[in-house]
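J.: Submitted below is the structure of interest, expressed as structure tokens.
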Amino acid sequence: MIKFYKIAVLLMILAIGLSSCEKDHEGQKRIFVVAFSDPFTSYSNISDQREIGLVFSKKAEFDGVVTIKVSDENAAYGIDYSTLPVINNTNEFQLPIKAGSQGTEFVFKNLIYPFDREDKTIQFEIVKIEYPEVSFIQGNSRTMISFAASLGGVMAPEVGGASQPFQVYVELSSGNEKKVARSSWDLAFASGADRVKLNGSIYMAAKKLNTNDIDQVSQSQVSGFFTQVAVGTFDPTNENYVDSPTGDITKTAIAEIKENDADNAVYLVNLGFEPGKLVNPSGADVAGDHRGWKKIRILKRDKGYLLQYANLDDTTHKEILIAKNQAYNFSFYSLKTNSEVSVEPTKENWDLNFTVFTNIIAGSGSYGYSDFVSNNTLGQVKVYPVIVSAANEKELVEKLNYTYKNAQVDPSKFSNDQRIIGADWRDVFTGQAFKDRFFVLKDGKGNYYKIRMLSMLNENGQRGYPKFEYELML
């Protein structure tokens, strides 16, 4: 119910530790802190109602009361929104602190949907805590509901544990996520260039054949390529069979689709692997059963694509027209279900993708990575790292929260490579996120965010549980 409980409490405890009010002449005071679990919620995420959570720095030992003050702009209580509990004549309401609880919440109701305007904001502020122990209002003392860019928060994309069966697309400015099964698609047809991308998250690969007659290709003719057209063979030449991991759409394993049909060859396609079925507590388990092979050929048709595909020994093939949709980077197709698939959000509405990934190791060719984070370069999302010389995590948190501002952003450091966060946020040997770095991201709308990766394991030490915090830079 309270999504960001653990991290919010961690940050509150850190803030408490820095407070000069922490001790008196008798030693450590018993303190109790209340804060909002999230500093921002997007209007676009609330079609009906939403629980807004508050968290406590420790389990409440006594009953008490928190007073919340409400202020709004271009929104009217009872017309645009309401709350439960309802506000009083001073625009306040109270929430109980119940002994034994670790947080509390109230209900925000959106009374107008679809929205009639985009300049509404509603702020909730903790103004009073009535509790027997010494109490502080620290951490997220305010939360905002707005159409504006998210001020930040903590997110834990649900990639699904050790087998990491899901790809999760994240938009920072709205806090939205989209989760898709990574084996649900095979080919991505670009809306801009005449290019087709493979699903690197399941370790697909493709080799151009010396023919343009798909029905004449048989398994006996191509089986000698099976050991070559694969990811992770430690043969540098297998780079030719995968897409450029930088995200450069002009460097795909499948060549540019040409106007003249005779110039478009048949390809042998390795369909990669299903996610693993067994939970491996000590590592990732992302490659399960092999998904087989196909032969494909792609032609240009009606400002889009004509896909021809078949099993290797089939003497006839299937065909499907794939239209370009300019609202998206790609249109996606599954060779398993013979259907188009919804995968990415619209190209302007995602920033990061948490996924399994096919990368390149210099001198060893293509190789599979788990716990990978790519950014939407085709949507003009760019990233660069900031390495912090910090003696401990406390100093890093202070630098993230207080010293690195918009004025310090260096545009020359932004890269067109989608792998800047990539795998360079975690140590697979310790299972920990690096504590000496954060990342600056510029989204396609011109917002700047700083991102700090927090963890890659769950409380049981299992991989596939990434968590990060982010903050809008002002």
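J.: Are any residues in the stretch 420-474 of a type in the set (Asp, Glu) and touching a residue at least 40 places away in the same chain (Cβ under 8 Å), and if so, which ones?
T.: Asp436, Asp443, Glu469, Glu471
J.: Go through the stretch 349-377 and report how many residues are over 16 Å from the mean Cα position of the chain (by Cα) and of a type outside the set (Ser, Thr, Tyr).
T.: 7
J.: Among what's in the stretch 145-176 and is open to solvent by 30 Å² or more (accessible area, probe 1.4 Å) and of a type in the set (Phe, Trp, Tyr), pick the residue that is nearest to Lys120 (Cα to Cα).
T.: Among them, the one singled out is Phe147.
J.: When you go through Val231, Val269, Val222 one by one, which is the residue that is in a loop (DSSP other than H, G, I, E, B) and out of contact with any helix residue (DSSP H, G or I) (no Cβ under 6 Å at 6 or more places or on another chain)?
T.: Just a single option satisfies the conditions, and that option is Val231.
J.: Can you pull out every residue in the stretch 245-264 that is in contact with a strand residue (DSSP E or B) (Cβ under 8 Å, 6 or more places away or on another chain) and either surrounded by fewer than 19 Cβ atoms within 10 Å (Cβ to Cβ) or more than 24 Å from Asp314 (Cβ to Cβ) (or both)?
T.: Across the stretch 245-264, the qualifying residues are Pro245, Gly247, Ile249, Thr252, Ala255, Lys258, Glu259, Asp261.
J.: Taking only pairs six or more apart or across chains, which ones have beta-carbon atoms under 6 Å, a first residue in the stretch 352-368 that is without any contact (Cβ under 8 Å) to a residue 12 or more places away in the chain and farther than 11 Å from Arg419 by Cβ, and a second residue that is open to solvent by 20 Å² or more (accessible area, probe 1.4 Å) and assigned to a loop (DSSP other than H, G, I, E, B)?
T.: none
J.: Does Ala323 count as open to solvent by 50 Å² or more (accessible area, probe 1.4 Å), touching a residue at least 12 places away in the same chain (Cβ under 8 Å) and not hydroxyl-bearing (Ser, Thr, Tyr)?
T.: Against the criterion (open to solvent by 50 Å² or more (accessible area, probe 1.4 Å), touching a residue at least 12 places away in the same chain (Cβ under 8 Å) and not hydroxyl-bearing (Ser, Thr, Tyr)), Ala323 qualifies.
J.: Kindly list the number of the only condition in (1) within 23 Å of Gly200 (Cβ to Cβ); (2) modelled with pLDDT under 95; (3) not hydroxyl-bearing (Ser, Thr, Tyr) that fails for Asp410.
T.: With respect to (1) within 23 Å of Gly200 (Cβ to Cβ); (2) modelled with pLDDT under 95; (3) not hydroxyl-bearing (Ser, Thr, Tyr), Asp410 is out only on (1).
J.: Within the stretch 71-96, can you find the residues that are among the aliphatic types (A, V, I, L, M), in contact (Cβ under 8 Å) with a residue 24 or more places away in the chain and surrounded by fewer than 17 Cβ atoms within 10 Å (Cβ to Cβ)?
T.: Within the stretch 71-96, Ile79, Leu84 qualify.
J.: Still on this structure: Can you tell me which residue in the stretch 97-111 is modelled with the lowest pLDDT, limited to those that are in contact with a strand residue (DSSP E or B) (Cβ under 8 Å, 6 or more places away or on another chain) and open to solvent by less than 60 Å² (accessible area, probe 1.4 Å)?
T.: The qualifying residue modelled with the lowest pLDDT is Asn110.
J.: Looking at Ser71, Ser135, Ser82, Ser101, can you tell me which residue is in a loop (DSSP other than H, G, I, E, B) and over 30 Å from the mean Cα position of the chain (by Cα)?
T.: Only one candidate qualifies: Ser101.
The values are calculated or read from the model by the stated rules, or taken from the named source; none is laboratory data. From a predicted model like this one, the values you see are computed outputs, not experimental measurements. No Cβ is skipped: glycine too gets one built from the backbone with ideal geometry, and neighbour counts run over all protein chains shown. The accessibility values were calculated without ligands, DNA or RNA, using every heavy atom of the protein model including side chains. Shrake-Rupley method; radii C 1.70, N 1.55, O 1.52, S 1.80 Å.
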